[in-house]
Amino acid sequence: MSTMRITLRRSGACAFEATNEAGARVVVAGSSELEARILERADASRIPSPSAAPAADAPMRPMELFLVSLAGCGAMDVVLILSRQREPLGELTIEVSGRRADATPAVFEQITLRFVAHASDVGAVDTAKLARAAELSVHKYCSVASMLGPDVEVRVETEVR
C-alpha cells in the first residue's frame, strides 16, 4: 500500500493553497458568494495572505488532486461554520493522507483529514466547535466526501495550536 500526503493552508477568506510532498502547489477557492458570507462575520485582519505563485515544475498527480478537492471542500465548510459562530479563526491547515490499495485500480481505502486551527492574537478557536465543524463538514456537507463509496474509511481529526 502507498500513502499520499497533502497539506492545505488558508491563504484568504475562503482560499487554500495545497502542497504535495514534492512541493507542487495549487490554489483552491470557494465562490465569491461564499467569500462574502465569510467576510460578513470574520475579522479580515486575521485572514492569512496568499503566498508566492504555485510551483510549475512539480505537478500533482490525479489522486493527489482528489485529496486536494476533498480537503478543500471540507476546509471551506469549516471556515464558514466557524465564522457563523464568530470563532477567532485565523490560520487553518488541513493535513490529508490517503492510503491506497495494492491493486488496479489503486483506490483509496482510508483517508484521514486533520484540521489544525492556529490561535490568533485574539485567542484560540474553541476545540469542541472545531471538532464539530470538521465532522459536519466531512460527513454531512462536503459534496466531494459524499461521492466516496462506503468502502472508503474517512477519518477526521482536529487540533488547536
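Restricting 37, 99, 5 to those that are of a type in the set (Lys, Arg), part of a helix (DSSP H, G or I) and either at pLDDT below 90 or on the phi < 0 side of the Ramachandran plot (or both) reduces the list to 37.
The set of residues in the range 138-159 that are small (Gly, Ala, Ser) and in contact with a strand residue (DSSP E or B) (Cβ under 9 Å, 6 or more places away or on another chain) contains only 145.
Considered as a group, the residues in the range 114-147 that are touching a residue at least 60 places away in the same chain (Cβ under 8 Å) and in a loop (DSSP other than H, G, I, E, B) include one that is nearest to the chain's Cα centre (by Cα), and that residue is 142.
Residue by residue, here is whether (1) farther than 19 Å from residue 113 by Cβ; (2) at pLDDT below 85; (3) under 13 Å from the mean Cα position of the chain (by Cα); (4) exposed (fewer than 15 other Cβ atoms within 10 Å of the Cβ) holds:
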| site | (1), (2), (3), (4) |
| --- | --- |
| 25 | no, no, no, no |
| 45 | yes, yes, no, yes |
| 73 | no, no, yes, no |
| 80 | no, no, yes, no |
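Considering only the range 78-96, I want to know if a residue exists there that is farther than 25 Å from residue 121 by Cβ and not charged (D, E, K, R). Yes, because at least one residue in the range 78-96 is farther than 25 Å from residue 121 by Cβ and not charged (D, E, K, R). Against the conditions (1) of a type in the set (Asp, Glu); (2) surrounded by fewer than 16 Cβ atoms within 10 Å (Cβ to Cβ); (3) under 22 Å from residue 26 (Cα atoms), residue 121 satisfies every one except (3). When residue 111 is tested against (1) outside any strand (DSSP E or B); (2) within 22 Å of residue 131 (Cβ to Cβ); (3) among the hydrophobic types (A, V, I, L, M, F, W, C); (4) touching a Ser or Thr at 6+ places or on another chain (Cβ under 8 Å), just one condition goes unmet, and that condition is (1). Number of residues in the range 47-71 that are at pLDDT 75 or above, of a type outside the set (Val, Ile, Thr), surrounded by 15 or more Cβ atoms within 10 Å (Cβ to Cβ) and more than 17 Å from residue 133 (Cβ to Cβ) equals 6.
The values are calculated or read from the model by the stated rules, or taken from the named source; none is laboratory data. What you are looking at is a predicted structure, and each value in this text was computed from that prediction instead of being measured. Here Cβ is always computed from backbone atoms with ideal geometry, including for glycine, and neighbour counts include all displayed protein chains.
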